[in-house]
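Below you'll find the structure, written out as structure tokens, and then a few comments.
The values are calculated or read from the model by the stated rules, or taken from the named source; none is laboratory data. Since the structure is predicted, the reported quantities are computational estimates derived from the model, not experimental observations. As a convention, Cβ positions derive from the backbone with ideal geometry for all residues, glycine included, and neighbour counts pool all protein chains shown. Each accessible area value is taken on the protein alone, full model and side chains, heavy atoms only, with ligands, DNA and RNA left out. Shrake-Rupley method; radii C 1.70, N 1.55, O 1.52, S 1.80 Å.
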Amino acid sequence: MRPFRAEESAYNRSVAIDASTIDGITVTVAVHADRTDELDILDSIYSAAEEYPFYPFRNKSHDLDYRSSKDFFEEVIHVNADRLLSTVHLGEDGSDQERVEAVQSATLVEQLSPSDSLVILDGDEQKAKRFGRAIDGISDEVPPVATCIQSELYYPSALLADLCATRLAYEIDHSGHSSEVIPETPVTKVDLEHYWGPAYNSMVTSSETVQVEPIQQHRAETVSTRVNCWFEGYMGGGEPFPTDRSVNAVVRYAEQQGYDELAAQLSGI
């Protein structure tokens, strides 16, 4: 499993962030993981999806009907509970969704205080700019940031964040009963108000220049090419990834790490 490589830096840990908005309720989730942890995350998703038409690197949360697939979501979250950090915005205040996600992402990263970790945002450079300006209001420094178009199709940690955010957005209602869900999900404007105000104000007023890490990007249009991008540490976007690459190296690596069932799943791609 290759580290994420920029021009002068390499990262073996990441914080993958994704969000979901349903009926005005926005939940953002962060997943903090080592590169090697992603094998465990991927294995857990394949195992939970055994009886569902859901395949990593091909599907994301909204490809499943939530009501008929609740057990799948619950199992994935239960197995990975110690990797998840979440927060919810209950809406109904006119806040712009993209700004809410940026502030929520900043509060999650600040709570994690990840050292030597790459923050992976699902989207383009504009998302990174909003995030950077928001965290500038609550942190001493902006962490290294990368953007990945459709990150949940490239990275198991981002897919886990996507699945968790969707489940929580369905389960939390406007009354704010967010302490009754797993993982417990604080209301950003209430329970994390000491972050919300400064981060939101900074996002709107800051002129901070946000440097996106120059990590190689590839537009991967097949499952096998996305598996290779994940293994190599590339981000989604940019020029097409070569389509003649097999997943054999990834399969061998999974076998060497003791993930025989995962290797079998990957070999079938």
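Report, by residue number, each residue of the range 96-111 that is farther than 15 Å from T185 by Cβ and open to solvent by 10 Å² or more (accessible area, probe 1.4 Å).
Of everything in the range 96-111, those that are farther than 15 Å from T185 by Cβ and open to solvent by 10 Å² or more (accessible area, probe 1.4 Å) turn out to be D96, Q97, E98, R99, E110.
(1) without any contact (Cβ under 8 Å) to a residue 40 or more places away in the chain; (2) out of contact with any helix residue (DSSP H, G or I) (no Cβ under 9 Å at 6 or more places or on another chain); (3) surrounded by 17 or more Cβ atoms within 10 Å (Cβ to Cβ): which one isn't true of E171, the others all being true?
With respect to (1) without any contact (Cβ under 8 Å) to a residue 40 or more places away in the chain; (2) out of contact with any helix residue (DSSP H, G or I) (no Cβ under 9 Å at 6 or more places or on another chain); (3) surrounded by 17 or more Cβ atoms within 10 Å (Cβ to Cβ), E171 is out only on (2).
Name every residue in the range 106-150 that is touching a Pro at 6+ places or on another chain (Cβ under 7 Å) and among the β-branched types (V, I, T), in order of residue number.
Correct list: V109, V119, I138.
In the range 215-269, which residues are touching a residue at least 60 places away in the same chain (Cβ under 8 Å), open to solvent by less than 30 Å² (accessible area, probe 1.4 Å) and either β-branched (V, I, T) or not in a helix (DSSP H, G or I) (or both)?
Within the range 215-269, I215, A220, V223, V227, G233, M235, G236, G237 qualify.
Suppose the filter is among the hydroxyl-bearing types (S, T, Y), crowded, with 17+ Cβ neighbours inside 10 Å and either assigned to a strand (DSSP E or B) or over 18 Å from the mean Cα position of the chain (by Cα) (or both); does S14 pass it?
Here the answer is yes, as S14 does meet what is asked.
Being of a type outside the set (A, V, I, L, M) and more than 15 Å from G137 (Cβ to Cβ) is true for just one of T205, T225, T188. Which residue is that?
T225
Would a scan of the range 47-57 turn up a residue that is surrounded by fewer than 16 Cβ atoms within 10 Å (Cβ to Cβ), at pLDDT 95 or above and under 18 Å from the mean Cα position of the chain (by Cα)?
Yes.
Answer yes or no as to whether D93 is over 29 Å from S267 (Cα atoms) and surrounded by fewer than 19 Cβ atoms within 10 Å (Cβ to Cβ).
yes
Condition first: at pLDDT 95 or above and touching a Ser or Thr at 6+ places or on another chain (Cβ under 6 Å). Now tell me which residues in the range 237-269 satisfy that.
V247, V251
Can you pull out the helices (runs of 4 or more DSSP H) entirely within the range 18-132 that have at least 2 residues that are in contact with a His (Cβ under 9 Å, 6 or more places away or on another chain)?
It comes to 97-112.
Working carefully through the options S69, S86, find the one that is modelled with pLDDT of 95 or more, in contact with a helix residue (DSSP H, G or I) (Cβ under 8 Å, 6 or more places away or on another chain) and among the polar types (S, T, N, Q).
S86
Does the range 134-159 hold any residues that are buried (at least 23 other Cβ atoms within 10 Å of the Cβ) and farther than 28 Å from L39 by Cα, and which are they?
A134, I135
Filter the range 199-212 down to the residues that are surrounded by 20 or more Cβ atoms within 10 Å (Cβ to Cβ) and of a type outside the set (A, V, I, L, M), then identify the one that is farthest from the chain's Cα centre (by Cα).
S202
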